[in-house]
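Comments concern the structure below.
The values are calculated or read from the model by the stated rules, or taken from the named source; none is laboratory data. This is a predicted model, so every value here is computed, not measured. Because the Cβ atoms are built from the backbone with ideal geometry, glycine has one as well, and the counts that use them run over all protein chains shown.
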Amino acid sequence: MFTFGAASSTSTANVGGVGTASPTRGDSQSSQPGVDASTGGNPNSNDSNGNDDNQGGTGDGNDPQGPDPDVNHLDKLVFSCLIRGGQLLTWGILGRIRVADAVQIVGPETGMSIESVQRLLQLDLVDRVTVNTHFVYAHNEVQRIRAIINGMSLFMLKSPTLAQTGQHASGNYTMLEDAVESSQETCTRLINYLNHADALPPDQLPLEAPLVFYGERMRMHQCGITGLFEYVKCLDDANRDVIPYGLDDEGAQIVDLAIMQPPVIPLIPPAPVNQPPVPGGALPVAPVPGNVQDPNAVLLQGVLAVIQMMMKVNMQSDSRNASMTQQQMRLQAAATRSNDQQLAHLTNHMGNLGTEVGKAIASHPTRHAIQATLSHPNAVPG
C-alpha cells in the first residue's frame with residue numbers, strides 16, 4: 001500500500017496557463033486525439049506500463065517496497081469521461097484521459113503526495129475533453145465547445161468501490177469546482193484509487209476513475225442537429241439563458257422558434273327553433289336583434305382560423321427543414337475538408353517514409369535487398 005501524505009499541495013507552476021490544455025511537464029501525448037484520451041477511443045489502447053515522455057522508467061504494478069522514484073504509479077489510473085442527462089447524451093462526448101497527464105506525485109519518498117499539474121484540476125480536465133471533442137466535431141469553434149462543456153457540472157466518483165448508478169448513486173459523487181480546495185480534495189481521493197489499483201492484477205489495469213459531466217441544463221435548438229454546438233444553450237435553475245445560442249451562417253443570433261398557440265374557434269350557436277304558441281293567446285318572445293350570430297359566418301371564421309394556423313405550421317416546418325438541410329451541408333463540407341486534410345497528411349508521411357527507405361537502401365544496398373527479398377510473403381528463406 002502507498003503511504004502518501006494526506007494533504008496534497010497544489011502546483012504553483014503554470015498558474016498563468018490555466019486556460020490551456022498543456023501541462024507544465026511538456027506536451028503530453030494524451031492531450032492529442034488518437035492516444036487513449038481520444039473521444040470514443042479504444043479502452044485498451046493506452047500504455048499501462050507508463051512509457052511516457054514525461055516519466056522515467058516503467059511500472060509493472062508488482063513493486064513490494066512502495067513508491068519508486070523511477071516508476072510512475074499513476075499510469076495505473078485513467079479518467080473515464082462521459083455525459084449523463086440532457087439532450088447531449090447521444091453526442092458521443094466521452095473518452096479516457098491518463099491520470100498521469102493531469103496530476104503528479106511529488107515530495108520525498110517517505111511522504112509523497114499527489115497534486116495537480118495545473119493549478120486547477122477542473123479546468124485542466126475541461127480543456128482536455130474540449131480538445132478531444134473538437135477533434136471529432138472540428139467544424140465547430142473550439143471556444144464554443146469549451147463554453148458548453150465548461151457549462152456542465154463535473155462530478156467524480158468518490159471511491160472505486162462505490163456504485164456508479166442506482167437509486168442512491170448520486171451521493172457517491174463529489175463535484176469538481178474551479179477552486180484550489182476542490183483540486184486538493186480530488187487529489188486526495190485519487191490516493192484511494194491508487195491503493196485500490198495496486199492490489200489489482202495487471203490484466204485489470206488501468207483502473208478507471210469515472211468523471212461525469214451532467215448535461216441536464218443543456219438545451220438543443222428545435223432546428224439543431226447532432227454536432228453543431230452553435231445550436232446548444234445552457235440554462236440556470238430559473239430557466240434563464242446562461243450560455244445563449246450562437247450565430248447562424250449569416251451571423252444572426254439563433255433564437256428559439258415561436259410557440260404557436262392553437263386557434264380559438266368560436267362556437268356556432270344553435271339555429272333558432274319555432275316556439276309553440278303560449279297558452280292564453282300570448283305571442284312568443286321574439287329574439288333580440290344582435291344577440292344571435294349567423295351560423296354560416298361563425299363557421300366561416302372558424303375555417304379561416306384553422307387555415308391560418310395550418311399555414312403557420314407549414315411555414316415553420318419549411319423553415320426548420322431548410323435550417324437542418326443547411327446544417328447537414330455544413331457537416332458534409334466539414335467532413336470533406338477533414339478527409340482531404342487527413343489524406344494530405346497521409347500522403348506526406350508516406351512520401352517521407354519512402355524517401356527515408358530509399359536513402360537507407362542506397363546506403364546499404366546489399367543488406368536491404370536481401371531483407372526485402374526475404375520479407376516477401378511468398379518467399380522461402382534458404
Does the stretch 197-208 hold any residues that are assigned to a helix (DSSP H, G or I) and touching a residue at least 12 places away in the same chain (Cβ under 8 Å), and which are they?
ALA197, ASP198, PRO202
In the stretch 213-223, what residues are under 20 Å from GLY95 (Cβ atoms) and surrounded by fewer than 21 Cβ atoms within 10 Å (Cβ to Cβ)?
TYR214
Return the residue satisfying two criteria in turn: it lies in the stretch 167-187 and is without any contact (Cβ under 8 Å) to a residue 12 or more places away in the chain and in a loop (DSSP other than H, G, I, E, B), and of such residues it is farthest from ASP124 (Cα to Cα).
GLN167
When you check LEU120 against the structure, is it touching an Asp or Glu at 6+ places or on another chain (Cβ under 8 Å), hydrophobic (A, V, I, L, M, F, W, C) and surrounded by fewer than 24 Cβ atoms within 10 Å (Cβ to Cβ), yes or no?
yes
Single match in GLN164, GLN122, GLN143 (criterion: part of a helix (DSSP H, G or I) and without any contact (Cβ under 8 Å) to a residue 60 or more places away in the chain):
GLN143
Taking the stretch 219-258 on its own, how many of its residues are closer than 16 Å to ILE148 by Cα, in contact with a Leu (Cβ under 9 Å, 6 or more places away or on another chain) and free of Cβ contacts under 8 Å to residues at least 24 places away in the same chain?
1
Whichever residue in the stretch 188-233 is of a type in the set (A, V, I, L, M, F, W, C) and closer than 18 Å to VAL129 by Cα and, among such residues, is modelled with the lowest pLDDT
LEU228
In the list LEU154, LEU190, LEU194, which residue meets the criterion of being touching a residue at least 40 places away in the same chain (Cβ under 8 Å), of a type outside the set (Lys, Arg), within 18 Å of ALA102 (Cβ to Cβ) and part of a strand (DSSP E or B)?
LEU154
State which residue is surrounded by the most Cβ atoms within 10 Å (Cβ to Cβ) when the search covers only the stretch 92-102 and only residues that are touching a strand residue (DSSP E or B) at 6+ places or on another chain (Cβ under 7 Å) and either farther than 15 Å from GLU208 by Cβ or charged (D, E, K, R) (or both).
ARG98
Would you call LEU88 under 30 Å from PRO244 (Cα atoms) and modelled with pLDDT of 90 or more?
yes
